[in-house]
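Written below as structure tokens is the structure these notes are about.
Computed from the coordinates by the stated procedures, all read-outs in this text should not be read as laboratory data. Everything numeric in this text was worked out from a predicted model, so none of it was measured. Neighbour counts are summed over all protein chains in view; Cβ atoms, including those assigned to glycine, are modelled from backbone coordinates with ideal geometry.
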Amino acid sequence: MNGREVLVGVTGGIAAYKTAALVSRLVQAGAGVSVVMTHAATQLVGPKTFEALTGRPVGLEVFGPRPHPHIELAQEADVLCVAPATANFLAKAACGLADDLLSTVYLSFSGPMVFAPAMNARMWEKPAVQRNCQQLRDDGVVLLDPEDGYLSCGARGPGRMVSPERIFDVLAELLEKD
Ligand SMILES: Cc1cc2nc3c(=O)[nH]c(=O)nc-3n(C[C@H](O)[C@H](O)[C@H](O)COP(=O)(O)O)c2cc1C
């Protein structure tokens, strides 16, 4: 991880709080980490948390202080990880929509990509979500299928984001090969 650049996308799932542990682990392993959040994600975790952990500003807007943030962030990164990945983000990525910074960065990025979906079990089982996930696998994204277990809505079932440790291990393995 030392000296490698990891771009972490955070979307609006309750598991966003666990992504802080992933980011901290990456920084402790010597990676440079930049974070891009969707607006929904900022309702769940404050950008300041990620700014404090990474020492870098969090990307939020396409039309922000950097002239071409979607292209620059993608060029700087060795790997893109989106955790948690909402049903909405998966759908946008699967059909190539680019209506916010993260979805636009995704289209601009040509390196290895790891998505960790997380959602309510009924959402995860919906045919549309499964179709989008298959499309993304076919497009070369490493999808870490959510686990079965307790969900924040109080239900049990598939939809729980894989652990930050597991995501870290997958990223470390990808960067080793790259
Ligand atoms: C408290 C709360 C938790 C949510 N958790 C999830 C989730 O785990 N997965 C998901 O797909 N959507 C979840 N949503 C819905 C998304 O936030 C919503 O679809 C939003 O439009 C996603 O936007 P984004 O993909 O741009 O982040 C949640 C909404 C709320 C209010």
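So the values come out like this:
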{"read-out": "Cα-based radius of gyration of the range 41-119 once divided by 2.2 N^0.38 Å, which approximates compact folds", "value": "1.08"}
{"read-out": "Cα-based radius of gyration of the chain once divided by 2.2 N^0.38 Å, which approximates compact folds", "value": "0.94"}
{"read-out": "Projected-area average for the range 3-72 over all orientations - Cα convex hull basis, square nanometres", "value": "4.5"}
{"read-out": "Antiparallel %, DSSP beta bridges [both residues in the range 5-177], to 5", "value": "20"}
{"read-out": "Using alpha-carbon coordinates, inclination of helix 16-28 to the longest axis of the chain, degrees", "value": "40"}
{"read-out": "Spatially proximal lysines relative to LYS18 (Cα-Cα < 18 Å; intrachain offsets below 8 disregarded)", "value": "LYS48"}
{"read-out": "Cα-based reach from LYS126 at 18 Å (exclusive), listing lysines while leaving out same-chain residues under 8 positions away", "value": "LYS92"}
{"read-out": "Angle in degrees between helix 127-138 and the longest Cα principal axis of the chain, rounded to the nearest 10", "value": "40"}
{"read-out": "Label-point gap, in nm, between GLU76 and PHE63 - each point 7 angstrom along Cα→Cβ", "value": "2.2"}
